[in-house]
Amino acid sequence: MNDKPIWEQIGSGFVNHYYQVFDADRGQLGSLYIDASCLSWEGQQFQGKTAIVDKLLALPFRKIQHSITAQDHQPTPDSCILNMVVCQLQADEDPVMGLHQIFLLKNINDSWICTNDVFRLALHNYG
C-alpha cells in the first residue's frame with residue numbers, strides 16, 4: 001500500500017513517465033498535451049500540442065538523459081496537480097546541466113494531461 005497522497009502518486013508517475021519518453025523519443029510526448037496546452041521554454045511561448053512537439057523535436061541534440069534530483073507535487077483548489085521538478089540533463093556529450101520544470105496536470109476524460117509546462121535551465125546569468 002502506498003502511503004503518499006494521491007496527488008503525489010499521480011504527479012510522480014507523470015514526471016517519471018515524461019522524462020522516460022523524452023529520453024527515448026520526445027516526438028511521442030504529444031499524447032500528454034492538448035491543443036490548449038502551453039509551454040514556456042527558456043522564455044519562448046508555444047501553444048498547442050503540435051507546436052509543443054515541434055519545439056521539442058527542433059532541439060539541437062540527438063541523445064539526452066535526464067536524472068531527477070527532486071520533485072514536489074501539490075493539489076490545486078480546482079482539482080489539478082502542480083508539479084515542480086529539479087533535474088540534471090546531459091545532451092549528447094555536453095557537460096551535465098541543471099534544470100527546473102513545472103507541470104500543471106488536469107484530469108480530462110480520465111487521463112492526466114499537461115495543460116501548462118514551464119522549462120528553464122539552471123544557469124546563472126551574472127552581469
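The values are calculated or read from the model by the stated rules, or taken from the named source; none is laboratory data. Since the model is a prediction, treat every value here as computed from it, not as a measurement. Note that each Cβ is placed from the backbone with ideal geometry, even for glycine, and that neighbours are counted across all protein chains shown. Heavy atoms of the whole protein, side chains included, go into the accessibility calculation; ligands, DNA and RNA do not. Shrake-Rupley method; radii C 1.70, N 1.55, O 1.52, S 1.80 Å.
Taken per residue, the accessible surface of the stretch 41-95 reaches 63 Å², heavy atoms only and a 1.4 Å probe. Kirkwood analysis of the stretch 1-79, using all unique Cα-Cα pairs, places the hydrodynamic radius at 14.3 Å. Ellipsoid fit via the Cα gyration tensor, the stretch 45-126: semi-axes of 25, 17, 11 Å, each the root of five times an eigenvalue, largest first. Across the chain, the relative contact order, built from alpha-carbon pairs under 8 Å that are at least six residues apart, equals 23 percent. For the stretch 1-72, applying the loop criterion from DSSP together with a ceiling of 16 other beta carbons within 10 Å to the chymotrypsin sites (Phe, Trp or Tyr not before Pro) yields F61.
Accessible surface of the stretch 10-70, 1.4 Å probe: 49 percent of it comes from carbon and sulfur atoms. Ordered by solvent-accessible area of protein heavy atoms (1.4 Å probe), largest first, the residues D117, D94 come out as D94, D117. Along the axis of the charge dipole computed for the stretch 37-110 (Cβ charges of +1 for Lys and Arg, -1 for Asp and Glu, origin at the Cα centre), the listed residues T76, Q101, L59 are led at the positive end by L59.
When I64, I10 are compared by accessible area at a 1.4 angstrom probe, the order from most to least is I10, I64. Here the Karplus relation 6.51 cos²θ - 1.76 cosθ + 1.60, evaluated at θ = phi - 60°, turns the backbone of the stretch 17-27 into coupling constants of 5, 3, 6, 4, 5, 4, 5, 8, 6, 4, x Hz, with x for every Gly and Pro.
Kindly provide the trypsin sites (Lys or Arg not before Pro) of the stretch 1-103 that DSSP labels as loop, not H, G, I, E or B, and whose Cβ sees at most 12 other Cβ atoms within 10 Å. Answer by residue number: R62, K63. Under 5 Å between amide hydrogens, built in the peptide plane, is the criterion, and for S37 it picks out G48, K49 among residues at least 5 positions away or on other chains.
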